[in-house]
Amino acid sequence: MEKFGELLSRTIDVTVKQMFGNSASKLIYRLMERQTSLKREEIGERFEAYQAYLERLVGLRVSQIILVASLKDLCTYLRREYEEVEKYFSVLDELYEVKFKLLTPLLREERSVCN
C-alpha cells in the first residue's frame, strides 16, 4: 500500500492533467521545480509549499478548485481501497468463525479430560 503523501501527489497530478492537459501540466511542474525546487513526487509531503506555489501561479480560486477536486478524487480512491480491504476482513472473520466452531468441541473435550 502506498504512503498517504504518495497517494496525494498522484491524485493531484491526475487532477492537474485533467484540468490543464499533459503539455500544460508538464510546463507547470517544470516551472514549479525551477521556482520552488519542489518536484511533482514531493507534493504530498510538502503540500503547503505546493499550495502556495499553485496559488501564486493560477490564483486563489483556481488553486482551491484544483485542490478540492483532488481531495474528492483521493477520498473516492481511499473509499474503494477500504471497501476492497473490507472484503478480505469479512473473509477472515468467516474463517475465524469456522475455526472457532471446529475448536470448540476440542476445547470441551480437553476440559472434561482435565476435570
Within region 19-32, how many residues turn out to be in contact (Cβ under 8 Å) with a residue 24 or more places away in the chain and closer than 26 Å to Arg80 by Cα? 1
Scan region 52-76 for residues that are out of contact with any Asp or Glu (no Cβ under 8 Å at 6 or more places or on another chain) and either surrounded by 16 or more Cβ atoms within 10 Å (Cβ to Cβ) or of a type in the set (Asp, Glu) (or both) and report the count. 10
Looking at (1) surrounded by fewer than 16 Cβ atoms within 10 Å (Cβ to Cβ); (2) under 16 Å from Ile65 (Cα atoms), which is the one condition that is false for Val16? (1)
Of the residues in region 3-61, those that are outside any helix (DSSP H, G or I), hydroxyl-bearing (Ser, Thr, Tyr) and within 21 Å of Tyr77 (Cα to Cα) come to none
Yes/no for Leu74 being touching a residue at least 60 places away in the same chain (Cβ under 8 Å) and over 17 Å from Lys17 (Cβ atoms): no
Only one of (1) surrounded by 12 or more Cβ atoms within 10 Å (Cβ to Cβ); (2) free of Cβ contacts under 8 Å to residues at least 40 places away in the same chain; (3) acidic (Asp, Glu) is not met by Glu83, so which one is it? (1)
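Bear in mind these aren't lab numbers, they're just calculated from the coordinates by the rules spelled out. On a predicted model such as this, the values are computed, not experimentally measured, just so you know. Because the Cβ atoms are built from the backbone with ideal geometry, glycine has one as well, and the counts that use them run over all protein chains shown.
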